[in-house]
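**Student:** First the structure, then my questions, so here it is.
The values are calculated or read from the model by the stated rules, or taken from the named source; none is laboratory data. Given the structure is predicted, the values throughout are model-derived calculations rather than measurements. Cβ coordinates were reconstructed from backbone atoms using ideal geometry, including for glycine residues, and neighbour counts include every protein chain displayed.
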Amino acid sequence: MTVRLRAHHLLCMLTFVGEGYTPAFTANYRRIAERLSAGEEIQLVSGPDDICAPLLEEKEPHCFNDSVLERDAAALADVAALLGMDVRPGSILVPDAGLLTRLRQSFAGGEIRQACIRCEWSNLCDRIAANNFEGILVGAR
Ligand code: SF4
């Protein structure tokens, strides 16, 4: 099995501490966090992914909005530049300690935060990064 993630969720997974839009959303996200923590591979996808899934039952899910697609493009560019590799929908990434540490260091340093501009969760993610990612659920030991 692979966890299907859209590009900007490569960033969001770094600061997930159990907060989210709805109880169903966070319950699903917690299960995904466990799978990622167990090292399950990530397959990048275009558009809504496994984290979005519970929101797709809503009348007008924001997951299809242009602004969200722009977040994906920004995250894809930042992560590709950081890793020095071509990263695109269909790419497979392994969320091992090395990758998560590298992403978190760059996230905390503000180097891969273009996707976070105007995100409603930005203050929370800033605080988590500033607090040395205490309480995170992906890759926690
Ligand atoms: S600020 Fe928004 S886009 Fe950036 S990691 Fe946090 S939730 Fe994701």
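**Student:** Select from segment 104-129 the residues that are part of a loop (DSSP other than H, G, I, E, B) and over 14 Å from the mean Cα position of the chain (by Cα) and list them in ascending order.
**Tutor:** Scanning segment 104-129 gives GLY109, GLY110, GLU111, ILE117, ARG118, GLU120.
**Student:** Is there a residue being in a helix (DSSP H, G or I), surrounded by 15 or more Cβ atoms within 10 Å (Cβ to Cβ), more than 12 Å from the chain's Cα centre (by Cα) and small (Gly, Ala, Ser) anywhere in segment 42-57? So that I can check it myself, show each step before the final result.
**Tutor:** Of the residues in segment 42-57, the ones in a helix (DSSP H, G or I) are 53-57.
Pick out the ones that are also surrounded by 15 or more Cβ atoms within 10 Å (Cβ to Cβ) and you get 53-55.
Within this subset, residues satisfying the condition of being more than 12 Å from the chain's Cα centre (by Cα) are 53-55.
Of the ones still in play, those that are also small (Gly, Ala, Ser) are 53.
Yes, that holds for at least one residue.
**Student:** Next question. Being among the aliphatic types (A, V, I, L, M) and more than 12 Å from the ligand (Cβ to nearest atom) narrows it down to one residue among LEU14, LEU36, LEU10; which is it?
**Tutor:** Residue meeting the stated conditions: LEU36.
Residue by residue, here is whether (1) farther than 21 Å from ILE32 by Cβ; (2) within 14 Å of the ligand (Cβ to nearest atom); (3) in contact (Cβ under 8 Å) with a residue 24 or more places away in the chain holds:
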{"site": "GLY47", "(1), (2), (3)": "no, no, yes"}
{"site": "LEU69", "(1), (2), (3)": "no, yes, no"}
{"site": "ASP78", "(1), (2), (3)": "yes, yes, yes"}
{"site": "LEU103", "(1), (2), (3)": "no, yes, yes"}
{"site": "TRP121", "(1), (2), (3)": "no, yes, yes"}
{"site": "ILE136", "(1), (2), (3)": "no, yes, yes"}
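**Student:** Residues ASP78, ASP72, ASP49: which one is of a type in the set (Asp, Glu) and touching a Leu at 6+ places or on another chain (Cβ under 7 Å)?
**Tutor:** Values: ASP78 fails: touching a Leu at 6+ places or on another chain (Cβ under 7 Å); ASP72 fails: touching a Leu at 6+ places or on another chain (Cβ under 7 Å).
Selected residue: ASP49, the only one of ASP78, ASP72, ASP49 that is of a type in the set (Asp, Glu) and touching a Leu at 6+ places or on another chain (Cβ under 7 Å).
**Student:** Here's something else I'd like to know. Being part of a loop (DSSP other than H, G, I, E, B) and touching a residue at least 24 places away in the same chain (Cβ under 8 Å) is the filter here, so list the residues in segment 17-34 that pass it.
**Tutor:** VAL17, GLY18, GLU19, TYR21, THR22
**Student:** Based on what the data block shows, is ALA81 part of a helix (DSSP H, G or I), within 14 Å of the chain's Cα centre (by Cα), within 21 Å of ILE117 (Cα to Cα) and modelled with pLDDT of 95 or more?
**Tutor:** Taking the combined requirement at face value, the residue does not satisfy it.
**Student:** Return the residues of segment 105-119 that are in contact (Cβ under 8 Å) with a residue 12 or more places away in the chain and either in contact with a Leu (Cβ under 8 Å, 6 or more places away or on another chain) or over 22 Å from THR26 (Cα atoms) (or both); say none if nothing qualifies.
**Tutor:** The answer is SER106, PHE107, ALA108, GLU111, ILE112, ARG113, GLN114, ALA115, CYS116, ILE117.
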